[in-house]
Amino acid sequence: MEKLVGFQGEVNLGRWLSQCRMYDHDYFKTFITVGDIEQIAGWGMDHVRLPIDCLILEEDKRPFTRFAA
């Protein structure tokens with residue numbers, strides 16, 4: 001596997017923008033804070049991975065589907 005220069009360690013922030021039980025502003029505003037990011041940096045991590053559910057980006061409440069090419 002190719003190693004990307006400048007990336008030493010990562011952490012996945014699942015259940016913040018992905019697989020969460022509710023999708024409201026207060027939840028997103030308080031689940032991950034500046035203190036959390038500082039702690040992650042203190043562990044030596046230099047980037048975070050943000051999985052995002054399509055429901056956060058879409059206004060349509062229908063399940064996300066793939067469209068045939």
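The Kirkwood hydrodynamic radius of the range 11-57, based on inverse pair distances between different Cα atoms, is 11.4 Å. The modelled label-to-label distance for the pair TYR23/GLN39, using points 7 Å beyond Cα in the direction of Cβ, is 2.7 nm.
Bear in mind these aren't lab numbers, they're just calculated from the coordinates by the rules spelled out. All values reported here derive from a predicted model rather than from experimental measurement. Don't worry about glycine lacking a Cβ; one is built from the backbone with ideal geometry, like all the others, and counts go over all protein chains shown.
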